[in-house]
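All remarks here apply to the structure that follows.
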Amino acid sequence: MTGSVLLLFLIALPFAGSLLAGFLPTNARNTEAWFAGAIAFLGLVAALLAYPTIAGDEVIRYEIEWLPSLGLNFVFRMDGFAWIFAVVVTFIGVLVVIYARYYMSPQDPVPRFFAFLLAFMASMLGVVLSGNLIQLVFFWEMTSIFSFLLIGYWYHLQAARDGARMALTVTAMGGLALLVGVLIIGNIVGSYDLDVVLASGDAIRNSPLYLPALILILLGAFTKSAQFPFQFWLPQAMTAPTPVSAYLHSATMVKAGVFLLVRLWPVMAGTDAWFWIVTYTGLITLIVGAYSAIFQQDLKGLLAYSTISHLGLITALIGMGSPLGLVAAIFHILNHATFKASLFMAAGIIDHEAGTRDINKLSGLIRFMPFTATLAMVASAAMAGVPLLNGFLSKEMFFTETAVRNPNPFIDYSLPIVAMLAGMFSVVYSLRFIIGVFFGPPPTELDRTPHEPPALMRRPIELLVLICLLVGIIPGITIAPYLATAVSSVLGAETPYYSLSVWHGFNAPLLMSMVALIGGVLMYIALRGYFARGIDGPPVLRRLKGQRIFERVLVTVSWKWARTLENVLGTRRLQPQLAIVVTIAILAGGIPLASAFSFPTLSAAGIDPVLAILWAIGLVCAIGAAYQAKFHRLAALILMAGAGLVTCITFVWFSAPDLALTQLVVEIVTTVLILLGLRWLPKRLPESEPRGGLGTLVRRYRDLAIAVIAGAGMTLIAYSVMTRPLSDSISSFFLERAYSEGGGRNVVNVILVDFRGFDTMGEITVLGIVAITVFSLLRRFRPATESIAKPEQQQLQNAYDEARPERETDSTIREYLTIPAVIMNWMFPVITVLAVYLLLRGHDAPGGGFVAGITMSIAFILQYMAGGTRWVEARLRVLPIRWIGSGLLVAALTGAGSFFFGYPFLTSFFQYAEVPLIGKVPMASALLFDLGVFMLVIGATVLILIALAHQSIRAPKPARTPDPAPGESRIKVTTGGR
């Protein structure tokens, strides 16, 4: 398997597994777990198979053309640094899946959990393997979305919903800042390709846009990696299931920020701004996180704050600008992933078997679960930096970097002091975890007797702890070659000499380590009395809660500021909103046109009098519709349909049958759907409107002026486009290439499904979203009270049905519609055949997926009108949501199929196929894309139809009880018995 195929396999496999996992039965826990574990394991194997190529300092690259003219191709790129991250993501993923099999309750919807977990794994792999900065931001935001779903997995808990919302808000806002920063970098370099960007360090650092780009990119990294002052979201995310915490919040998601800092280190580091912002943000986070971890009562809270602290340590190392500091940062990223994932799993086992994570209720658990206690103590020692464990090596490298002399006295003293103080704090919270949970008297406040978990649930921790020991004792064999591969891929020729030996003699870093260990033990002894009081939260900082600040900011923004803007600019009436939108559109289009556009000279010569009469009729219909729209909606709808019919005739007049056909069926469907919707709207009477004065008159003339300016502007633009010389148009381009490159003689359809297929893909996506939105809005709609009364014919039919109870009645089939209903029912197969005919001929003659889908929708509309909602849905399985989803999937897969032949997305293919007895038949892949359009249009239209039709079988909103008059009571006084 080639390297490029490995990359594609590594990305596509977990995404495909996520889709399949969602369809597994909820009661097949073993099947789901082993399926997800197999997906993660195959990803790990694929990553390991790429190592021989990576070890030779080569870069595996796989590029798929997407929008090459804009530099937006899909590029997957794996070097040594991306490889080691991919191994961490897949390896920890395998262990988390095994652990989750025993942690998750049988009552949990496990398929949803594993689907989200695999989707997150794929998104994280997308981040680390992206070779295009825009693509990296795309996957970056996907990790935020899937982490939101995983954190809020137990959505029945308010705390889970709040934690998920907070994590998404903070990280998504950072992602937006990152996107802007990436756009600035692309503007400086002239490309978003990562290889080009990494080769443009001098150009970026010397650019006047360097500082804003740096700040925006750091905002993205700091929010993702929970750096001060954005660290508050991570402890709130501990409401997630423990497997999520072990995976996202120790090894993967929170590492995305520091991954980005390391990835861009060659081009962004080396400046004073980088040093001061990154280094001291990391140091502040290191101290605040470690200090807060000491005083947490919840085990996962302690681990969350310690994670924040270690992320601050890594950030500080990256910010120092030293190549050795970067080596230490990469090394600690790996070490932290191993011991912190194992500690989260151990905390989950304690919670699972003891029923609580409260340290005040836990003690003496070593008597009940000695194996788990031993594993947790080794991992905690690694976290504290005890010798002969992996955490000691990377922390000693941190001390080495802080001990380097600096001419600036503030830097020279602050770095080693903060480093040693943080080291003491890490010893304190590690001892608190060990002694507070596993030693002391047996627990007395537990609801159950603790015991060891199943063996397979403990295996992931055992393997991670074994890695902590092996790396700490023999680093030269276990980690040195892989670390060297990662470091050299980032630093290249600047890679410094470094040693991972356990013993470097008596030196300053060893002395600092001893001071941190001894000082931490003494500090823990001094604080034991305070811990016994059971006070949750750190002194001084206890009242400074990030969650409270976050909530207040949200309230200020969403309530005070937004409400103020709503009061100034907002209105519940549609007309002022449309006036604002149209005015902005006039300004946006009018200002550039006024300076660069020359309007043509209007002339009445050559206008056919018949066409002029038609346009006059259409103009009268449009004006009449606008005039009648306020109180006579039905009349306005009929007049509007008349204007639409004139437009259809105009298209036919100018030899545009495709447009005429599409316009005609769209007019039919939209008119009928609006007509069905009018049934449920309340009446508006002129006398109910207050009399207007001068203000009303001004408003009306203002609206008239806006309408005239907008309409006249569009008329002039359309006229100028249609009357310019053909040589200035792009029409000849499509006319010449429609058949030779698109394989179709219907130029309009070839443009839609080939030349501009990407636009069509976006348009049908929007159509599907609109249909789902309309359905969601109408689901909770209740008809107006005055619209509940049935027409006279229906009332007579109901009385007739009640008089003949022996007759099989259907309240939705009326005798007064018998003949039309029979005709409409017979029309269903006829219209279906017509729709298929229009679909199949669309590439060479007027037709296509859109007009065919609208035509097919007319068949469903006739069925609903003839038989009614219950009658149709008892006989037909429409399932419009599946039509929408299937249509999008068919269109997307058709576009992606071109990737396998080395062409950009949605590149079409055609040839003539020899069919027996028929001869040569044109075959074009665009037909499959048109089929997706056809399916989605049917689903979208029928979904809106169903939303309207269900109003007829929905109970009306209960009448509101009027408020009592002053002095009266709402309490009804009755007499008699109970």
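The values are calculated or read from the model by the stated rules, or taken from the named source; none is laboratory data. This is a predicted model, so every value here is computed, not measured. Using ideal geometry, Cβ is built from the backbone for each residue, glycine included, and neighbour counts are taken over all protein chains shown.
General observations
- Single match in Gly885, Gly895, Gly919, Gly932 (criterion: within 24 Å of Tyr837 (Cβ to Cβ) and modelled with pLDDT of 80 or more): Gly932
- The one condition in (1) assigned to a strand (DSSP E or B); (2) at pLDDT 90 or above that Ala46 fails to fulfil: (1)
- For the range 10-53, the tally of residues that are touching a strand residue (DSSP E or B) at 6+ places or on another chain (Cβ under 7 Å) and hydrophobic (A, V, I, L, M, F, W, C) stands at 2.
- Whether a residue is buried (at least 20 other Cβ atoms within 10 Å of the Cβ), under 23 Å from the mean Cα position of the chain (by Cα) and charged (D, E, K, R) was assessed, and Arg77 passes this test.
- Residue within the range 504-527 that is in a helix (DSSP H, G or I), exposed (fewer than 11 other Cβ atoms within 10 Å of the Cβ) and either at pLDDT below 80 or small (Gly, Ala, Ser) (or both) present: yes
- One residue from Ser200, Ser225 being among the hydroxyl-bearing types (Ser, Thr, Tyr), under 26 Å from Ala160 (Cα atoms) and outside the structural domain of Thr307 (by TED's automatic domain parsing): Ser225
- The single condition among (1) more than 14 Å from the chain's Cα centre (by Cα); (2) touching a residue at least 24 places away in the same chain (Cβ under 8 Å); (3) under 22 Å from Thr26 (Cβ atoms) that Asn132 does not satisfy is (3).
- Matching residues in the range 181-199 - criterion: being surrounded by fewer than 18 Cβ atoms within 10 Å (Cβ to Cβ) and either on the phi > 0 side of the Ramachandran plot or not aliphatic (A, V, I, L, M) (or both): Asn187, Gly190, Ser191, Asp195
- Any hit, the range 814-825, residues being under 26 Å from Ala660 (Cβ atoms), at pLDDT 80 or above and in contact with a helix residue (DSSP H, G or I) (Cβ under 8 Å, 6 or more places away or on another chain): no
- Any hit, the range 881-892, residues being in the same structural domain as Leu906 (by TED's automatic domain parsing), without any contact (Cβ under 8 Å) to a residue 24 or more places away in the chain, touching a helix residue (DSSP H, G or I) at 6+ places or on another chain (Cβ under 7 Å) and of a type in the set (A, V, I, L, M): no
- Residue check, Phe398 touching a residue at least 12 places away in the same chain (Cβ under 8 Å), in contact with a Ser or Thr (Cβ under 9 Å, 6 or more places away or on another chain) and among the hydrophobic types (A, V, I, L, M, F, W, C): no
- Single match in Gly270, Gly289, Gly312, Gly321 (criterion: part of a loop (DSSP other than H, G, I, E, B) and under 19 Å from Val418 (Cβ atoms)): Gly321
- Residue check, Arg205 surrounded by 23 or more Cβ atoms within 10 Å (Cβ to Cβ), over 30 Å from Gln296 (Cβ atoms) and among the basic types (Lys, Arg): no
- Residue in the range 481-501 that is loosely packed, with under 12 Cβ neighbours inside 10 Å and farther than 30 Å from Arg77 by Cα present: yes
- With respect to (1) closer than 23 Å to Leu157 by Cβ; (2) modelled with pLDDT of 90 or more, the lone exception for Leu216 is condition (1).
- Members of the range 216-232 found to be within 22 Å of Leu149 (Cβ to Cβ) and out of contact with any Leu (no Cβ under 9 Å at 6 or more places or on another chain), listed by number: Phe232
- Hey, Ser225 under 22 Å from Leu118 (Cα atoms), out of contact with any Phe, Trp or Tyr (no Cβ under 7 Å at 6 or more places or on another chain) and among the small types (Gly, Ala, Ser) or not: yes
- Where a residue in the range 552-578 is within 19 Å of Val698 (Cα to Cα) and touching a residue at least 40 places away in the same chain (Cβ under 8 Å) and its partner, wherever it lies, is in a helix (DSSP H, G or I) and not polar (S, T, N, Q), with Cβ under 8 Å and at least six apart: Gln575/Asp703
- The residues of the range 66-110 that are touching a strand residue (DSSP E or B) at 6+ places or on another chain (Cβ under 9 Å) and either within 18 Å of Phe41 (Cβ to Cβ) or of a type in the set (D, E, K, R) (or both), listed by number, are Arg77, Asp79, Trp83, Ala86.
- Lone qualifier among Leu469, Leu431, Leu456, Leu464 - being under 30 Å from Ile98 (Cβ atoms) and either surrounded by fewer than 15 Cβ atoms within 10 Å (Cβ to Cβ) or among the acidic types (Asp, Glu) (or both): Leu456
For (1) in a helix (DSSP H, G or I); (2) surrounded by fewer than 13 Cβ atoms within 10 Å (Cβ to Cβ); (3) in contact with a Lys or Arg (Cβ under 8 Å, 6 or more places away or on another chain), each residue gets a yes or a no:
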position	(1), (2), (3)
Arg877	no, yes, no
Thr894	yes, no, no
Gly897	yes, no, no
Pro904	no, no, no
Gln911	no, yes, no
Met923	no, no, no
Asp930	yes, no, no
Phe934	yes, no, no
Gly939	yes, no, yes
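- Of the set (1) buried (at least 21 other Cβ atoms within 10 Å of the Cβ); (2) within 30 Å of Ile349 (Cβ to Cβ), all apply to Phe399 but (2).
- Ile411 vs. criteria of a type outside the set (Gly, Ala, Ser) and free of Cβ contacts under 8 Å to residues at least 60 places away in the same chain: yes
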